[in-house]
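The values are calculated or read from the model by the stated rules, or taken from the named source; none is laboratory data. Predicted, not measured: the structure shown is a model, and the values here were computed from it. Cβ placement follows ideal geometry from the backbone for every residue including glycine, while neighbour counts extend to all protein chains displayed. To get the accessible areas, we keep the full protein, side chains included, count just its heavy atoms, and leave off ligands, DNA and RNA. Shrake-Rupley method; radii C 1.70, N 1.55, O 1.52, S 1.80 Å.
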Amino acid sequence: MKNQFDYLVVGSGIAGLTFALKAAKSGTVAIVTKKDKLETNTNYAQGGIACVIGQDDAFGLHVQDTLDSGDGLCHPDIVDFVIKTGPDRVKELVELGVAFNLGTGADSFDLGREGGHSRNRILHAQDMTGKAVEKVLIAAAESDPNIAIFENHLVLDLVIQHQSMKAGSVDLYQQDTCRGAFVYDVAGGRIHTVVANAVLLCTGGAGKVYLYTSNPDVATGDGLAIAYRAGAELANLEFVQFHPTCLYHPAAKNFLISEAVRGEGARLIDKRGRTFMEKYHPLKDLAFRDIVARAIDTEMKTSGDDCVFLDITHKDSEFLKGRFPNIYSRCLSLGIDITKDPIPVVPAAHYMCGGILTNRSGRTTIENLYAIGECACTGLHGANRLASNSLLEAMVFSHAAAVECMERIGSWRSRVFPEVPECWAGTCAENTSQSEMVMIAHNWDSIRRLMWNYVGIVRTDKRLALALTHVLQIKMELKEHMPNIPLSSDLAELQGLALVAELIIRCAIRRRESRGLHYNVDHPAKGGVDCAKDTIVRKSAAEEFLALPAVQCG
Ligand code: SIN
């Protein structure tokens, strides 16, 4: 792998690819992705992209829906920015060749509906919107001579230059600058030090921190862990969005039943065929996602049932097959004919509303380090993301980051790169043995169960405190034994997973109220203005004690 680029992009979903395509006009771009380039959250997105396009829609309505969903924590200026510039970004996608489903009028799109939206405004490509977007963006990136894509390359840590800014003898402030990353070539078994003028973390979500999730296996929160270890600020990690309707079937792993199905009229029912959402919210099945997920959780806990059902059998079967071909065929392969049978569903971890804190350009609190997409916390989602706002957010911030980077690239090029260490301060393959490999699988499982049982849809002070004790214990165990375990993707991901779990718990403990996706039985009411602020976490000197990795190699 070449070791110097203008831009190093980590992740090959909509955020990374959109940025790369724009930034490649001004310099060289490396996209590193830890598995196959198509193995991204984007590729699995079913619903679509929320955008003000319909005749009956208005920016103000979409802004208001987003603010209502965010439950007092959205940053209104960011909401305004994303929603008003969104249509330009969608236009670019259409020009690149993404084929959204068309409506009946000239130049019109078929706009779907999802929970919390007061208008039909979801652009979609049947029920495989992410795949349609990813395909077009990957093809464009692959034909760009300035972009190189490295599959099976996992970023372990960032290269950070710590710099004291002095005026005479007075230490004014410390300014940390990102200079690149340590990249693990999984197949080759080597760690490369890659230097870059700007590093873009576009690593997606962290659903795998929970036992049940709609996310693919890659969603292990790597970007969050990397940024935290580097000293960046993260925010609002307590707001984990549980999607109300994941398929409940022993052979179905992570399969989502899109909210668009409810948008087309599906009703949630219990085992006896009774609807229940009317008990919880006037918007019933199309209430905000936090409300629907909690309602299902309550119904399951009070009835003792393993799941609830989603019933769309009243719709025309040809319509269902055409509108939801992916859901129809996946369910049919498991013996569920959605045109005739109610679909068994349960809530599962789906989206991280918090993340690496960024400004309006996607820039983090570390110089030259950007975070875009699900791994970022821009202020758009607040305490609960409005459905289908995330692909829109990724496009808007990729554009903003690219504009800023292209303005700064001239001054960046004139600087000299500092000496960068040739190795990662983590575990290397020397002096290791295979004998403790069981620790990896065991702790992966422990963390995911712990988070599901103690830090799930409904929380209590006691369970959060217990969860923190357990996760710190796991981290201590890893710290002690990691140096003896050979480096692998599983090990590096586990290290990040443990940290992300700890940070979610710490944020949840700090929020002593219930708001949006964070519901704590011991603090059931929403707090006053004092609580209406972001929960910000940053590595402190004391935490270095527990910090992983533990050994220096090379
Ligand atoms: C869905 O299709 O239900 C997912 C949409 C989203 O999470 O925004």
Checklist outcome for this item: Of the candidates Ser329, Tyr370, Leu450, the farthest towards the positive dipole end of the chain (Lys/Arg Cβ +1, Asp/Glu Cβ -1, centred on the Cα centre) is Leu450
Next on the checklist: Order 268-280, 36-48, 380-392, 450-462 from most to least packed using the mean count of other Cβ atoms within 10 Å.
Outcome noted: 380-392, 36-48, 450-462, 268-280
Next on the checklist: Charges at C-beta only: +1 for Lys and Arg, -1 for Asp and Glu. How large is the resulting dipole of region 231-278 about its Cα centre, in Debye rounded to 20?
Outcome noted: 420 debye
Checklist entry - Which residues does a label at Asn152 reach in region 209-244, if reach means a backbone N under 13 Å from a point 7 Å past the Cα toward the Cβ? => result none
Item to check | Rg to Rh quotient for the chain, alpha carbon positions, Kirkwood Rh | outcome: 0.96
Checklist outcome for this item: To the nearest 0.05, the calculated FRET efficiency linking Glu264 and Gln163 through their beta-carbon distance, R0 being 45 Å, is 0.25
Checklist entry - In the chain, what % of DSSP beta bridges are antiparallel (nearest 5)? => result 65 percent
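Looking at region 209-266, which trypsin sites (Lys or Arg not before Pro) are DSSP coil and have at most 15 other C-beta atoms within 10 Å of their C-beta?
Details: sites: Arg229, Lys253, Arg262; in loops: Lys253.
Hits after loop and neighbour filter: Lys253.
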Item to check | Derived scalar couplings ³J(HN,Hα) [region 351-366; Karplus, 6.51 cos²θ - 1.76 cosθ + 1.60; whole Hz; x for Gly, Pro] | outcome: 8, 8, 6, x, x, 6, 5, 10, 9, 5, 9, x, 7, 8, 7, 10
Checklist outcome for this item: Quick calc: nm separation of the 7 Å Cα→Cβ label points for Gln175 and Phe417 -> 2.1 nm
Item to check | Stretch gain in nm, segment Asp36-Glu436, where the contour uses 0.36 nm per residue and the Cα spacing is subtracted | outcome: 141.2 nm
Next on the checklist: Per residue of region 480-496, what does 6.51 cos²θ - 1.76 cosθ + 1.60 with θ = phi - 60° give for ³J(HN,Hα)? Whole Hz please, x for Gly and Pro, Karplus curve as stated.
Outcome noted: 6, 9, 3, x, 9, 10, x, 4, 8, 4, 4, 5, 4, 5, 4, 4, x
Checklist entry - Stretch Asp144-Ser329 to full length: gain in nm at 0.36 nm per residue minus the Cα-Cα span? => result 63.1 nm
Item to check | Relative packing of peptides 301-310, 347-356, 242-251, 468-477 - highest average C-beta neighbours within 10 Å first | outcome: 347-356, 242-251, 468-477, 301-310
Checklist entry - Hey, with R₀ at 45 Å, roughly what FRET efficiency would Asp68 and Asp490 work out to, going by the Cβ-Cβ distance, to 0.05? => result 0.65
Item to check | Debye-sum result for region 29-134 in log10 I(q)/I(0), which assumes one identical scatterer on each alpha carbon, at q = 0.09 Å⁻¹ | outcome: -0.26
Checklist entry - Roughly to the nearest percent, how much of the accessible area of the chain is carbon and sulfur, given a 1.4 Å probe? => result 52 percent
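Please give the peptides 399-407, 497-505 ranked by average Cβ packing (other Cβ atoms within 10 Å per residue), highest first, as a rough proxy for protection.
497-505, 399-407
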Item to check | Cross-link pairs beyond the 27 Å C-alpha cut-off, checked among Lys34/Lys131; Lys301/Lys526; Lys91/Lys253; Lys279/Lys301; Lys208/Lys539; Lys84/Lys539 | outcome: Lys91/Lys253; Lys84/Lys539
Checklist outcome for this item: Dividing the mean separation of Cα pairs under 8 Å (6+ apart) by the residue count of the chain yields a relative contact order in percent of 20 percent
Item to check | Ser303 paired with Arg449, simple spin-label distance in nm, labels 7 Å along Cα-to-beta-carbon | outcome: 2.7 nm
Checklist entry - What residues qualify as long-range amide H neighbours of His192, i.e. H under 5 Å apart, gap of 5 or more or another chain, H built at 1.01 Å from N? => result Val183, Tyr184, Asp185
Checklist entry - So for the pair Ala251, Arg512, with labels modelled 7 Å out along Cα→Cβ, what separation do we get in nm? => result 5.1 nm
